[in-house]
Amino acid sequence: MENKLKLRTDLILFGLVVLDVLLSGVTLLFPALWFRLFHGAAYIDPQALLKRTGAVWVAFTLLQLLALVRWKKEPYWLVLIAGVRLTEIFSDWTYLFFCSSVTLAGWIGLLVSPPANLIFAWILIRTWKRVTASERAV
């Protein structure tokens, strides 16, 4: 397996871990900050849906961290993380469409997230195919 491919994949997985640490940390520890940054509104979430989302991002973080550590020996982790990223491709646009107020930062983040998740998933699946094809050729 080529070093450039390993480095790119490690950087993607590391970046996703950092992203989801930030997202889950803010939503779980500082939900009022999330509402202010994304909605310019007071934190009102009586059903704790934001914290539920934060817990999902904790799971993303843990799975991506495991993938970062294990994917070179167990490449199927790349496909698993691609699936994790694909679970989010409709949620942010749905959120953007239905929320009552959104800031410019929130609008940009929610607009960019679905195509970014699709691209990351595609790259990870493509990498898995390359790695497993080279293993089958040996």
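The condition (being outside any loop (DSSP other than H, G, I, E, B), buried (at least 16 other Cβ atoms within 10 Å of the Cβ) and either without any contact (Cβ under 8 Å) to a residue 24 or more places away in the chain or over 19 Å from the mean Cα position of the chain (by Cα) (or both)) is satisfied by just one residue among TRP93, TRP107, TRP57, TRP34: TRP34.
Applying a threshold of 6 Å to beta carbon distances and a minimum spacing of six or more residues, or different chains, the list of pairs starting in the range 1-27 at a residue that is within 12 Å of ILE123 (Cα to Cα) and ending at one that is modelled with pLDDT of 95 or more reads THR9/THR127; LEU13/GLN64; LEU13/ALA67; LEU13/LEU68. Is it fair to say THR9 is of a type in the set (Val, Ile, Thr), within 13 Å of the chain's Cα centre (by Cα), surrounded by 12 or more Cβ atoms within 10 Å (Cβ to Cβ) and in a helix (DSSP H, G or I)? Answer is no for this residue.
The values are calculated or read from the model by the stated rules, or taken from the named source; none is laboratory data. From a predicted model like this one, the values you see are computed outputs, not experimental measurements. Methodologically, a virtual Cβ is constructed for each residue, glycine included, from the backbone with ideal geometry; neighbour enumeration extends over all protein chains shown.
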